[in-house]
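No lab work stands behind these numbers, since they all come straight from the coordinates. What you see is a predicted model; the values in this text were computed from it and never measured. Cβ: placed from backbone, ideal geometry, glycine included. Neighbour counts: every protein chain shown.
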Amino acid sequence: MIREFAGFQLDEPVIMGIVNVTPDSFSDGGDHPTPETAIAHGRRLRAEGAHILDIGGESTRPGSAPVPEEEELRRVIPVIEALMEDGAVISIDTRHARVMEEAVKAGAEIINDVTALTGDPDSLATAARLEVPVVLMHMQGEPQTMQAHPHYDDVVAEVGRYLAERVAACRSVGILPSNICIDPGIGFGKTVDHNLALIRHLEQLRVDDCALMLGLSRKSFIGALSRNETPKDRLPGSLAGALAGLDNGAEILRVHDVVETRQALAVWHALHG
Ligand code: 8Y4
């Protein structure tokens with residue numbers, strides 16, 4: 001049996017394209033400050049071959065401050081509505097139960113939560129009631145301070161234990177493994193060495209039949225390993241990391257650069273056939 005997540009068969013890589021609706025002064029090069037520019041960007045990523053569009057209205061980049069729920073809703077709902085009309089599969093990137101609820105009402109079909117449904121006391125029950133697939137990501141600490149002093153005795157074991165515990169919590173409220181995806185949270189309270197260990201040993205994180213997602217597109221460890229490029233100049237390293245992730249069991253890639261990722265995947269696929 002081919003495993004599935006959110007109705008996607010996992011025998012071939014699934015591409016999640018990033019649509020930020022965040023006016024961020026420390027941009028990753030992927031921020032779209034108005035709903036109109038975000039909608040246009042989502043349409044482009046879809047035309048380029050993204051299977052899922054991940055829409056987020058609160059930056060969780062290192063050092064970023066929380067955004068009021070009302071503002072988050074104002075940013076993401078019009079974007080979800082427009083892209084849903086096109087027939088896109090949309091995931092809502094949020095830590096807030098109320099945003100999950102409103103986003104799903106507006107047409108989002110997947111919840112992507114960097115707190116693995118722990119960031120809001122209502123999230124787990126809300127996700128279960130909405131009956132939508134969930135992405136559970138690991139983070140150590142809070143975005144504002146998480147990169148100050150990341151520490152683990154054994155990063156792979158500790159991230160693996162956390163994700164297994166969050167999968168168990170989801171299963172206890174009736175969410176099936178075919179509707180759960182786990183993600184080590186590259187860059188979220190992790191040093192370069194922590195990130196590398198997680199990518200190297202990704203398959204050790206596997207829980208039940210849940211899908212594995214990897215998000216490393218344009219993240220700062222790529223610059224740290226190279227010449228401290230700014231985010232928009234981290235595409236080559238992003239592709240190298242993504243392919244290593246696929247070799248190690250990643251099934252869904254969260255990326256800014258869809259057309260370029262597709263080209264890398266075509267070569268990877270031809271060499272693995
Ligand atoms: C440059 C580019 C510097 C990007 C930092 C960033 C993930 C995620 C994010 C992830 C899942 C980001 C919402 C951080 N990363 N969700 N979200 N997995 N599931 N930072 O890795 O892209 S936002």
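Computed quantities for the displayed model
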| read-out | value |
| --- | --- |
| Neighbourhood charge, 13 Å Cβ-Cβ cut-off, centred on ILE15 and excluding it, Lys, Arg +1 and Asp, Glu -1 | -3 |
| Under 16 Å from the Cα of LYS232 - aspartates and glutamates, other chains or at least 8 residues apart | ASP24, ASP28, ASP31, ASP257, GLU260 |
| Positive-end extreme of charge dipole, the chain - chosen from LEU117, LEU253, HIS96 (charges on Cβ) | LEU253 |
| Order of TYR162, TYR152 under a 10 Å beta carbon neighbour criterion, fewest first | TYR152, TYR162 |
| Packing-based exposure ordering (other Cβ within 10 Å, fewest first) of HIS151, HIS51 | HIS151, HIS51 |
| Residue with peak Gaussian network fluctuation, the chain [Cα springs, cutoff 10 Å], from ALA242, ALA224, ALA88 | ALA224 |
| Ranked LYS190, LYS219, LYS232, criterion: other C-beta atoms within 10 Å, fewest first | LYS232, LYS219, LYS190 |
| Efficiency of FRET between GLN144 and GLU48 - r from beta-carbon atoms, R0 35 angstrom, step 0.05 | 0.60 |
